[in-house]
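The block underneath contains the structure these notes are about, expressed in structure tokens.
Read-outs: derived from the displayed coordinates by stated rules, not from any lab. It should be emphasised that the depicted structure is a prediction, and the values quoted were computed from it without experimental measurement. When we count neighbours, we look across all protein chains shown, and the Cβ atoms used for this are built from the backbone with ideal geometry, even at glycine.
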Amino acid sequence: MIDIVSTASVNSLRGSAQKARLVADLIRGRKVGDAQGLLLSSKKYASEPVKKLLDSAISNAVNKNPSINPDELMIQTIFVNEGFRMKRVRPAPMGQAYRVQKRMCHITIQLATSPVAVGKE
């Protein structure tokens, strides 16, 4: 049985949910160390905020239960939801205006103990 150890989320992160989902798909189901390495080497816009969120989830797990080894944690669930949109107006030719939508997203990560680590005990 997989036990959820900690959860971390960020709300109203600048950037579209579609771009953040590309980063989330890279690390879903991986061990924490592998995910951190992927996020460091990734050149996607959302990789830095997702890495900060992952570090926060690891810190939450260790603070909640100091006996947990961070190397045995894995990303059980990560999902990205669309947030609100800031609507702005941009000047256009002949006195017109174009609408610009600046998108936001919400990201949630849940960490669990890996099944391999549970089998060793």
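Below are the figures for this structure:
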item	result
Net dipole in debye of the chain [+1 Lys, Arg Cβ; -1 Asp, Glu Cβ; about Cα centre; nearest 20]	1040 debye
Which label in (1) 1.05; (2) 1.32; (3) 1.49 gives the computed Cα Rg over 2.2 N^0.38 Å	(2)
Total lysine pairs whose alpha carbons fall under 26 Å of each other in the chain (8 or more apart, or interchain)	25
Phi-based couplings in Hz for the range 97-113 (Karplus 6.51, -1.76, 1.60; Gly and Pro marked x)	9, 9, 8, 10, 10, 9, 8, 10, 8, 10, 10, 10, 10, 10, 9, 9, 6
Interchain or long-range residues, amide H under 5 Å from Ser6's placed H	Leu111
Helical segments meeting 20 Å axial Cα length and Kyte-Doolittle -0.5 threshold in the chain (DSSP H)	47-64
